[in-house]
Amino acid sequence: MTFGQRYWLVALLFCAVAGRAQIAGRLPHLGYVYPAGGQVGTTFRVAIGGQFLNDSSALHVTGEGISGKVAEHIAPISQQQLGLVNRRIYEVQRVRWAEAAKRTPDPLPELTEPLPDHPLVRGIEQKTLPELEELRAILNDPRKQPNSQIGETVLVDVTIDRNAPTGDRELRLVTAGGLTNPLCFQVGLATEVTETELIGRLGVTTPTVDLPALFNGQILPGDVDRFRFRARKGDQLVARAQARQLMPYLADAVPGWFQATLALYDATGAELAFADDYYFDPDPVLLYRIPADGEYEVEVRDSIYRGRDDFVYRITVGEHPFITAIYPLGAPEGVAKAAWIGGWNLPTKDVQLDTKAGGEAVRSIAVRRAGMLSNAVPYAVDHLPETTEVEPSSERKPQVVTLPRIINGCIVQPGDVDCYQFEGQAGTEVVAAVAARKLRSSLDSVLRLTDSAGKQLAWNDDYKDDEQGLLTHHADSYLRAKLPTTGSYIISIADSQQSGSQSHGYRLRIGPPQPDFALRLIPASISFGAGGVAPARIHVLRKDGFTGAVELALKDAPQGFTLTGGRIPSGRDSVRVTIGASSEPPREPVCLQLEGHAKVGERSIARPVVPAEDMMQAFAYRHLVPATECVALVTDGRRRVPALPRKDPGAITIPAGGTRRVVYPVGPVPRLNELRLLLSEPPKGLTMSGPVTVPGGFALDLKAQAETPAIGYQDNLIVEVFFDLEVGKTNDGKPRTRGISIGVLPAIPFEIVAK
C-alpha cells in the first residue's frame, strides 16, 4: 500500500469524527420530479422531491440538449416549526382583521424563534386574509400524510435546447451523498400547460388553450384537476395520460402506482367519455370524435381520490397519431419486412420494420403526422425461421409447421383457437413460448400441447418473466415438455378470456430449448470516491434451462475503472460485485457498460448487462425495472475507503467447518481498533472476525459452518468499513453512537471446499 493510501485510511477517521462520511443506509433518493418534462426551446423550474438531498449541486440528464442549475434545497417543515408558523398566521390575521375593521392594529409580536426558510412561509407578514387562510389549509391538510421519502424538495431551473432530441430521458441529482436514482423526464414539441399547485403559487387558474397541448399536474388528496381547451367538430381527439410511465412503482401504496383516470366534458358539464386504463396499461387513453365546435375539459384524478406529491402526470391532448395495433409483431433479422398498423390519425397503414443485424432483440417504431409523433410500439427481431398464420388453423385442420419456427398470428375473433401441427421424436424436448403481452399485445394467451389422439400433455396460462420489469400480469404462456413417442403433435393457442381483436397478435416460438440469459445491474446509479470501490448486484435471468456460469466484464470502460468478483457461478441467480473507480475523478458523471459471456453448448454468447432499479410495489412485490444507462459519480475520495489490495488476489477457498485468513498488506494502520469491519449480506453460515494486526498490515478471519454453506458453494464476500460516531449520551451517561459507513473493500470471490 502506498503512503497516500495509508494517509487516506488515517484521514478517514478524522472525516468520520467530523460527520462528513455516509451514515449507513442514508443514500440520496428521488421520488418525483414536477413537471416531469418540458417543451424544446424553453426554460422552466422543476421541483424534485426525495430524501437526503441536502447539498444537491448539479443536475444530470441522459442525452444531449438539457442543462439545469440547482436553485434551492427545501427541507420539510417539522411539527415544531408548523406550530410556530400557525401561531404567526394567527398573529398576522389579527392585524388584517383590524385593518379590515378600520382599526389601528397592534404591532406584530417579535418572533422568539425564526420561522422555517420555506417558500410557502416567506413573506407571511405581507399576505392577505384569503392567502393566509389558503396557507393554513395547505399546511394543516389532514388528508396529506407525512412521507419522509418525498419530504425534501430541490428546485432546479431547467433549460431544454431548441434542437434537443425528443423522447424519454433519465434525470438524476448530484448530491453530497452521491448520485440519486433516475427518474423519467420527457422532452416534447407540444405547448405545455402546468397546473398551478407548485410551491408558493396559490389560487391561479389554468387558461383555455388551443390544441395540441400537454398538461402537467400533481394530484394531492381529493384533487380533481381540469384543463379547458378548444376543439372543432370532427377532430379525432386523442387524450393520453402518462402517470405510471413516469413512476412505475410506489412501495407504500396499493395497487403500487398512481391510478389515473381521464374524463372528457363539454361546455355544459356533460361527460362525453371516460377511461381508467388502456387495455392492460394502467395509464388511460381516451379516443373520441368531437361532435361540435366549442370548449371542452379533460379531467384527471386518482381512481379512488388518493393523492400526494409523487402523483405526477402528463396528459397529451390533440389529434396526435396513436397506434392501437401492429401486425406482425416482429420479423427475422436481416429480412425486409413491412407491418400493418392500426389506430387513430395515422399517416399510413404500412410501416417498414428495422431488422438490420446487430440491433436489439426488441425494437420499437413510431410514426409522425403534422409534426406530432405517435406512441412507440415494440416489435421483436429474431434469428429463427418464421411463418405467418394461415386461417383457418383449427383443431380439425391445424396448420402444419416444421421446427424450429416462430409463427406470427392473431386471435382476431373472440373464441378463436389457432392450432399448429409438427412432427416430433420420442424423448426430445419441445418448448412453446408466446411473445404477446411483452410486445404490448392485448392477448392473454393460453397454450396446450396434445398428441395426435387429442390427449393433453402440457398446458400453461401465465408464466412469470423477470425480464419484463414493468409487467405485473405476466400473460404470456410458456411450456416445456418431453415428447413420449415419435409422431404428430399439436400446439394450440387461444385467449384465456375468450377475447379477440386485431390488437391480439402474437409470436409463437416452437422448437427445442434455446438456452440463453439476460443480465441486470442493480443499482443504475453508482457513487464512490476516487480510487475506491462500490458494491452492486448483478442478476442473471436464465431462459430455456440455461444453468451455466456467466463471466462478467466492463466494456469500453473509462481508464482506471475495474470490476472485482465478476463471475456468476452455475446455478446462481445473482452475485454482488464491486466496481473500482479511477484514482483521478472525472469532472462529470460517466456511463459504465458491462457485458456477460457464457458457453451454451459449443457456442459462446455475449449479452449486455442492463442497468436497472430494484423497485418495490405495494409493500410486497419487487421488480427489476430497466434503466437507460448506468451512471457513475466519482468524488475526490477523501471520505471513502480506497481499494485495498489483498495479499493473495483472486478467488479463495474456505474449508467447510474451518477458517481462512485474508491478509491486507497495507502497512501499519494507526487506530485500527476504532474501525468496524463487517460482512455485508453474507450467506447463511459464514462469519468473519477481525481486523487483527499482522506484520505488514491487517487480517480478517473467515469461518464457515460445517453444513452451511454446502461444499461447492461459490459467491463473493463484501466487507463494509464503519466508524462509530459519538452523537450524544444515553440516560446512564454512556456514549450513544451512530454507525458511519466509509466504504467497502473489493469483493472476495470464494468457494466452500471439503476440510
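Here are the numbers for this structure:
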read-out	value
Candidates Val317, Val377, Val335, Val367 - the one that is in contact with a strand residue (DSSP E or B) (Cβ under 9 Å, 6 or more places away or on another chain), surrounded by fewer than 18 Cβ atoms within 10 Å (Cβ to Cβ) and not basic (Lys, Arg)	Val335
Output for segment 346-373, where each listed residue is closer than 21 Å to Val187 by Cβ and in contact with a Leu (Cβ under 9 Å, 6 or more places away or on another chain)	Arg363, Ile365, Ala366, Val367, Arg369, Gly371, Met372, Leu373
Residue identified as more than 35 Å from the chain's Cα centre (by Cα), aliphatic (A, V, I, L, M) and surrounded by 13 or more Cβ atoms within 10 Å (Cβ to Cβ) among Ile77, Ile66, Ile124, Ile48	Ile124
Of residues in segment 166-185 being closer than 21 Å to Pro626 by Cα and not in a strand (DSSP E or B), the one modelled with the lowest pLDDT	Thr166
Yes/no for Tyr478 being more than 30 Å from Asp614 (Cα to Cα) and not β-branched (Val, Ile, Thr)	no
Selection count, segment 146-164, where residues are assigned to a loop (DSSP other than H, G, I, E, B) and surrounded by fewer than 15 Cβ atoms within 10 Å (Cβ to Cβ)	4
Strands (runs of 3 or more DSSP E) fully within segment 310-379 counting 2 or more residues that are touching a helix residue (DSSP H, G or I) at 6+ places or on another chain (Cβ under 6 Å) and more than 19 Å from Tyr506 (Cβ to Cβ)	none
Long-range neighbours under 6 Å by Cβ, at least six apart or interchain, first residue under 18 Å from Arg240 (Cβ atoms) within segment 266-278, second β-branched (Val, Ile, Thr)	Asp276/Thr261; Tyr278/Val285
Subset of segment 473-502 (residues that are surrounded by fewer than 17 Cβ atoms within 10 Å (Cβ to Cβ) and part of a loop (DSSP other than H, G, I, E, B))	His473, His474, Pro484, Thr485, Thr486, Ser496, Gln497, Gln498, Gln502
Subset tally (residues that are within 17 Å of Thr402 (Cβ to Cβ) and in a helix (DSSP H, G or I)) for segment 427-443	0
Check on Arg103, of a type in the set (Lys, Arg) and either under 16 Å from Thr153 (Cβ atoms) or not in a loop (DSSP other than H, G, I, E, B) (or both)	no
Segment 455-467 residues that are farther than 14 Å from Arg542 by Cα, paired with ones that are of a type in the set (Val, Ile, Thr) (beta carbon under 7 Å, 6 or more apart)	Gln456/Thr450; Leu457/Thr450; Asp461/Val446
Failed criterion for Ala453 (all others in (1) surrounded by fewer than 20 Cβ atoms within 10 Å (Cβ to Cβ); (2) at pLDDT 95 or above hold)	(2)
Which listed residue is touching a residue at least 60 places away in the same chain (Cβ under 8 Å), among the aliphatic types (A, V, I, L, M) and touching a Pro at 6+ places or on another chain (Cβ under 7 Å), from Val362, Val300	Val362
Of the criteria (1) out of contact with any Gly (no Cβ under 9 Å at 6 or more places or on another chain); (2) surrounded by 14 or more Cβ atoms within 10 Å (Cβ to Cβ); (3) among the basic types (Lys, Arg), which one Lys397 fails	(2)
Single condition Gln559 does not satisfy, out of (1) out of contact with any Asp or Glu (no Cβ under 9 Å at 6 or more places or on another chain); (2) surrounded by fewer than 22 Cβ atoms within 10 Å (Cβ to Cβ)	(1)
Index of the failed condition, Tyr249 passing every other in (1) surrounded by fewer than 20 Cβ atoms within 10 Å (Cβ to Cβ); (2) in contact with a strand residue (DSSP E or B) (Cβ under 8 Å, 6 or more places away or on another chain); (3) not in a strand (DSSP E or B)	(1)
Sole residue being β-branched (Val, Ile, Thr) and outside any strand (DSSP E or B), chosen from Thr261, Thr206	Thr206
Where Gly532 falls short, out of the listed (1) farther than 22 Å from Asp715 by Cα; (2) over 21 Å from the mean Cα position of the chain (by Cα)	(1)
Candidates Gly256, Gly307, Gly234, filtered to the one that is out of contact with any strand residue (DSSP E or B) (no Cβ under 6 Å at 6 or more places or on another chain) and more than 27 Å from Leu346 (Cβ to Cβ)	Gly307
Strands (runs of 3 or more DSSP E) (entirely within segment 577-666) containing at least 3 residues that are loosely packed, with under 15 Cβ neighbours inside 10 Å and without any contact (Cβ under 8 Å) to a residue 40 or more places away in the chain	603-617
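The values are calculated or read from the model by the stated rules, or taken from the named source; none is laboratory data. None of these values were measured; they are calculated from a predicted model. Quick reminder, even Gly has a Cβ in these numbers, built from the backbone with ideal geometry, and neighbours come from all protein chains shown.
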